[in-house]
Amino acid sequence: MLKIPQFSDDKGNLCAIEASIDIPFEIKRVYYITDVRSDTVRGNHSHRKLHQVLICLNGTVRLRVYNGTEFDDITLSSPNEGVYIGPHVWREMHDFSDQSVLMVLASQHYDESDYIRSFDQYISESQRFFAQEGLNK
Ligand code: TYD
């Protein structure tokens with residue numbers, strides 16, 4: 001979880017994100033997800049190299065992550081709160097509220113070959129990745 005610096009006064013809130021300072025990478029891409037029906041599940045993939053930070057700018061979204069060992073559910077509901085997701089973490093986004101806006105900061109340009117979209121493929125690749133990294137999963 002990352003706390004995004006927020007400046008609040010009687011004019012409202014302003015959040016500022018500085019690449020490599022507030023988040024652990026240079027930002028090469030920003031995208032945002034809007035108008036998702038509450039029964040829709042997005043994500044369902046991991047990445048091989050990509051680093052991302054997810055911030056829910058409006059409304060709420062439930063993020064489900066899996067690190068090769070355990071699942072965790074995180075409800076994003078504040079524009080000054082981010083979740084960092086590194087390579088080989090499986091993610092799903094559930095329960096998008098009405099008017100929710102999910103913004104994603106990414107370390108690389110879009111590259112479909114960086115996606116792992118099959119959970120079985122993710123399990124076998126991530127076990128190899130974590131073993132190489134010396135992480136006992
Ligand atoms: P995808 O990453 O599959 O969305 P989600 O995981 O939220 O369901 O992307 C949906 C579509 O958008 C897919 O056709 C690829 C395209 N896309 C881009 O062209 N550029 C981007 O930066 C992203 C994230 C997606």
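Side notes on the structure shown:
- Between Ser38 and Phe7, the simple label model (points 7 Å from Cα in the Cβ direction) yields a spacing of 3.7 nm.
- The trypsin sites (Lys or Arg not before Pro) found in the stretch 76-134 that occupy coil by DSSP, while having at most 11 further C-beta atoms within 10 Å, are Arg117.
- Spin-label model, His45/Ile123: points 7 Å from Cα along the beta carbon direction are separated by 2.1 nm.
- Computed label-point distance, nm, for sites Thr75 and Ile21 using a 7 Å Cα→Cβ extension: 3.3 nm
- Accessible area per residue in Å² at 1.4 Å probe, computed on the stretch 1-55: 68 Å²
- The portion of the accessible surface of the chain made up by carbon and sulfur, rounded to a whole percent, is 48 (1.4 Å probe; DNA, RNA and ligands excluded).
- Fraction of antiparallel bridges per DSSP, the chain only, in percent to nearest 5: 95 percent
- In degrees, nearest ten, helix 119-132 long axis to first principal axis of the chain (Cα): 80 degrees
- Helical mean residue ellipticity (222 nm; -39500 (n - 2.57) per DSSP H run of 4+; nearest 500) of the chain: -3500 deg cm²/dmol
The values are calculated or read from the model by the stated rules, or taken from the named source; none is laboratory data. These numbers come from a predicted model, not from an experiment. Cβ atoms come from the backbone with ideal geometry, glycine included; neighbour counts cover every protein chain shown. The area values use the complete protein model at the heavy-atom level, side chains included, leaving out ligands, DNA and RNA. Shrake-Rupley method; radii C 1.70, N 1.55, O 1.52, S 1.80 Å.
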